[in-house]
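The values are calculated or read from the model by the stated rules, or taken from the named source; none is laboratory data. Since the model is a prediction, treat every value here as computed from it, not as a measurement. Cβ placement follows ideal geometry from the backbone for every residue including glycine, while neighbour counts extend to all protein chains displayed.
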Amino acid sequence: MLKKTTRREIKNLRSKSINVFNGLKSLDSITYTESPLEADLCYHLEFDDKVSNYQAQPLPIEYYFQGTVRSYTPDFEVNYKDGTICYFEVKYCSDIERIDSFFEWEVAIRKATTSKGKGFIVIKEDFIRQEFLYENLQTLYSASDLPIYR
């Protein structure tokens, strides 16, 4: 068995584009993500009224794929106010097209997460960076700590 009980430490990885996000709903004081796209998802999570909190790079899960037990670390674990928990995988559209067996892998991960009572969603760049919504979320977030005088 592959049981791993610690989170991935990505803060000092050299082969990735590590990004920092300081979110109010994040369970970590500083959220480190492996890509700018993952950091961009944080804007959506911060302003989603249904989201209670979230954590990047949560504990890994085990899944069965192509004849072996493997380990997978989701990009995010999102906890909703209604008590549901969902794992998010953030992907560029071009990456999905390029990865062999991506959809079979997605089914295997979904099966593993469902057996634990959790959801699994692949969030693509066309959703995260949809025009106007994404820009408005960025603007709102940048202004969210400004004092308001009356």
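Is there any pair with a first residue in segment 92-114 that is within 14 Å of Pro74 (Cβ to Cβ) and free of Cβ contacts under 8 Å to residues at least 60 places away in the same chain and a second that is surrounded by fewer than 16 Cβ atoms within 10 Å (Cβ to Cβ) and not hydrophobic (A, V, I, L, M, F, W, C) whose Cβ atoms are under 9 Å apart and which are 6 or more apart or on different chains, and what are they?
The qualifying pairs are Trp105/Gln66; Ala108/Tyr64; Ala108/Gln66; Arg110/Gly119; Ala112/Glu62; Ala112/Tyr64; Thr113/Gly119.
Looking at segment 14-40, which of the residues that are part of a loop (DSSP other than H, G, I, E, B) and of a type in the set (Val, Ile, Thr) is surrounded by the most Cβ atoms within 10 Å (Cβ to Cβ)?
Per the stated criteria, the residue is Ile18.
With the requirement that a residue be within 18 Å of the chain's Cα centre (by Cα) and either closer than 19 Å to Leu37 by Cβ or not in a helix (DSSP H, G or I) (or both), what does segment 95-115 give you?
Once the filter is applied, which keeps residues that are within 18 Å of the chain's Cα centre (by Cα) and either closer than 19 Å to Leu37 by Cβ or not in a helix (DSSP H, G or I) (or both), segment 95-115 yields Asp95, Ile96, Phe102, Trp105, Glu106, Ile109.
Does any residue in segment 41-63 that is free of Cβ contacts under 8 Å to residues at least 40 places away in the same chain and assigned to a helix (DSSP H, G or I) come within less than 7 Å, Cβ to Cβ, of a residue that is buried (at least 16 other Cβ atoms within 10 Å of the Cβ) and aliphatic (A, V, I, L, M) six or more places away or on a different chain, and which pairs are these?
As it stands, the answer is Leu45/Val51; Leu45/Val78, since those pairs meet every condition given.
Restricted to segment 53-69, and to residues that are crowded, with 17+ Cβ neighbours inside 10 Å and on the phi < 0 side of the Ramachandran plot, which residue is nearest to the chain's Cα centre (by Cα)?
Only one residue tops the list, namely Ala56.
Search segment 124-139 for residues that are at pLDDT 90 or above and pair each with any residue that is assigned to a loop (DSSP other than H, G, I, E, B) when their beta-carbon atoms are under 6 Å apart and the residues are at least 6 apart or on different chains.
Glu125/Tyr92
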